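The values are calculated or read from the model by the stated rules, or taken from the named source; none is laboratory data. All of these numbers come straight from a predicted model, not from anything done at the bench. Neighbour counts run over all protein chains shown; Cβ positions are idealised from the backbone, glycine included. Note: accessible area is taken over every heavy atom of the protein model, side chains too, but ligands, DNA and RNA are not part of it. Shrake-Rupley method; radii C 1.70, N 1.55, O 1.52, S 1.80 Å.
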Amino acid sequence: MAHQALWGGRFKEPLSEIALKFSSSIDLDRQLYQEDIAGSVAHVEMLSACGILTAAEGRRMKTALKAIQKEIETGKFRLNGDYEDVHLAVEHRLIQKIGPLGGKLHTGRSRNDQVALDERLYLRSAIRELSRLLTQMQRVLLYKAEKYFGVLMPGYTHVQRAQPVMLSHYLLAYVSMFERDYERLQDCRVRLNKSPLGAAALAGTSFPIDRLKAARKLHFDGIVENSIDAVSDRDYLIEFVSSCALILMHLSRLAEEVVLWSTKEFSFVTISDAYATGSSIMPQKKNPDIAELVRGKAGRVYGALMNLLTLMKGLPLAYNRDMQEDKFPMFDAVNTTRQSLFVASHMLVHTTFHKNRLTEELREDFTTATDVADYLVRKGVPFREAHEVTGKIVSYCLDHRMFFGNLDLETLKIFSKSFDSDVFDFLLPHKSVEQKQSAGSTSPQEVKKQIVRWTRVLRGRKI
Ligand code: ARG
């Protein structure tokens, strides 16, 4: 049975059960009960401080609100489909508990500013949690980068072997990617951490409220100034979800590497059995399901972003009920991002890289071809010619089933007189890596610098 609506006065008939069922958001927004009550407590404190409620009234309401929170947590008060949303449910319960005084809670406030407030508070803690999970992920990657320092692997472009790189360098690329995600979240927080409370329905209120006082109680950095903007804006949410979409894009790329690298064809890594599954029909199979699911979850978060962008694009100012539909993408984006980061970092901890296989694969290839060409350039050969000569050597090796490692100086000299015995300092993958000089390159010194810097940054980060 639906409860008596709190706007009864103007209506001759109650909302039909059908319409209530369709329009109720409580199944989702009950997750906001803590934020909703915290917002109401701050509002009550501000109302008493401004003399709009007496101190005694304020105290009674605050005690009752806190009691309602306990009732929700112990299951004594159930936020069920009898209510349209969490805001009305809490207010209804307050009136039930303390009588007409409860009806004063909504003075100088509307559900329009209330819901925006709850969302901002909720996202603020989501940002805290996701930042912690991102840092954890970065620490796992850094740990692996240190553990495998010195191990070389083929670096790829177009999924074709390109040049030798350090495995640590590769892993640290992801640390940089997740760092940008971390920064985006902090940046989003700056704009998000403003209080819309006191904007009321859209026009503000004639009560002498102090918006800044309520904002400070809730640890906001200030207020959303324009009251119309305060209730009609969802940029903070879209910005947050777009940051989540980028996190999932990065996780998905990492997951894709794990999927590829765990194949027989690559055999670069082994995922622990605890993060893989078998086939119900093919007994020999070990599938990277967890990595695949992380990759697949990206679609959900992108979906949430599209959902929100589309939801908002045609809405005239200020609040429209369409905006209630922001709850599903909001919660889904937060939960999916949280879960994916958590699972992916655990999976990575339990993933082993095969040092021998990576080294072996490099030996039997031509990934140092650019170094050979650069060598010739240093001997005065124009780069285009050096490129051509080296290409011919690769072709020769392929025809003769050889690798760079099998070539002797005599053979090399057939291709160019400029080759000398010091060419062997360039032919071997570990030499190639050591020869790199540019900042941020794959040389051991440069990779070490990154490790040192990230250790300092990530160790110092409070999570
Ligand atoms: N449940 C609503 C939402 O999530 C709360 C705001 C309702 N405001 C209104 N004027 N009907 O958007």
Worksheet, complete the sentence: Result of the Cβ filter at 7 Å on segment 200-214, keeping first residues that are open to solvent by 80 Å² or more (accessible area, probe 1.4 Å) and partners that are within 16 Å of the ligand (Cβ to nearest atom), at least 6 apart or interchain, is A203/S227; F207/G108
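Working carefully through the options R132, R111, R124, find the one that is open to solvent by 20 Å² or more (accessible area, probe 1.4 Å), of a type in the set (K, R) and within 16 Å of the ligand (Cβ to nearest atom). Outline the logic, then answer.
Working: R132 fails: within 16 Å of the ligand (Cβ to nearest atom); R124 fails: within 16 Å of the ligand (Cβ to nearest atom).
Result of the check over R132, R111, R124: R111.
Yes/no matrix, rows are residues, columns are (1) of a type outside the set (K, R); (2) modelled with pLDDT of 95 or more; (3) closer than 21 Å to T135 by Cα; (4) out of contact with any helix residue (DSSP H, G or I) (no Cβ under 8 Å at 6 or more places or on another chain):
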{"site": "K194", "(1), (2), (3), (4)": "no, yes, no, no"}
{"site": "A200", "(1), (2), (3), (4)": "yes, yes, no, no"}
{"site": "S206", "(1), (2), (3), (4)": "yes, yes, no, yes"}
{"site": "L218", "(1), (2), (3), (4)": "yes, yes, no, no"}
{"site": "V224", "(1), (2), (3), (4)": "yes, yes, no, no"}
{"site": "D233", "(1), (2), (3), (4)": "yes, yes, no, no"}
{"site": "L251", "(1), (2), (3), (4)": "yes, yes, yes, no"}
{"site": "L260", "(1), (2), (3), (4)": "yes, yes, no, yes"}
{"site": "F268", "(1), (2), (3), (4)": "yes, yes, no, no"}
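Go over the candidates Y319, Y302 one by one and state the one that is part of a helix (DSSP H, G or I) and among the aromatic types (F, W, Y).
Numbers: Y319 fails: part of a helix (DSSP H, G or I).
After applying the criteria, what remains is Y302.
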Discussion item. Cβ-Cβ under 7 Å, sequence separation 6+ or interchain: first residue in segment 258-285 and basic (K, R), partner in a loop (DSSP other than H, G, I, E, B). Which pairs?
Written reply: K285/G278; K285/S279
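Yes or no: A162 modelled with pLDDT under 95 and either open to solvent by 10 Å² or more (accessible area, probe 1.4 Å) or within 16 Å of the ligand (Cβ to nearest atom) (or both)?
Numbers: modelled with pLDDT under 95: yes; either open to solvent by 10 Å² or more (accessible area, probe 1.4 Å) or within 16 Å of the ligand (Cβ to nearest atom) (or both): yes.
Answer is yes for this residue.
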Discussion item. Here is a list: A42, A55, A19. Which entry is open to solvent by 10 Å² or more (accessible area, probe 1.4 Å) and over 21 Å from D322 (Cβ atoms)?
Written reply: A55
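A quick yes/no check of all residues on (1) part of a helix (DSSP H, G or I); (2) among the polar types (S, T, N, Q):
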site: P329; (1), (2): yes, no
site: S345; (1), (2): yes, yes
site: T367; (1), (2): no, yes
site: D371; (1), (2): yes, no
Fill in: Residue ID - farthest from A116 (Cα to Cα), chosen from residues in segment 239-268 that are part of a helix (DSSP H, G or I) and open to solvent by 30 Å² or more (accessible area, probe 1.4 Å)
L260
Worksheet entry | segment 297-326, residues that are more than 16 Å from the ligand (Cβ to nearest atom) and either open to solvent by 70 Å² or more (accessible area, probe 1.4 Å) or free of Cβ contacts under 8 Å to residues at least 12 places away in the same chain (or both) | G299, R300, Y302, M306, L309, T310, K313, G314
Practice prompt. Could you check, for segment 327-337, whether at least one of its residues is over 18 Å from A230 (Cα atoms), open to solvent by 30 Å² or more (accessible area, probe 1.4 Å) and away from the ligand (no atom under 13 Å from the Cβ)?
Written response: yes
Practice prompt. Give the residues of segment 338-365 that are under 30 Å from R128 (Cβ atoms) and surrounded by fewer than 18 Cβ atoms within 10 Å (Cβ to Cβ), sorted by residue number.
Written response: R338, Q339, F342, H346, V349, H350
Fill in: Residues (open to solvent by 40 Å² or more (accessible area, probe 1.4 Å) and in contact with a strand residue (DSSP E or B) (Cβ under 7 Å, 6 or more places away or on another chain)) located in segment 395-447
H430
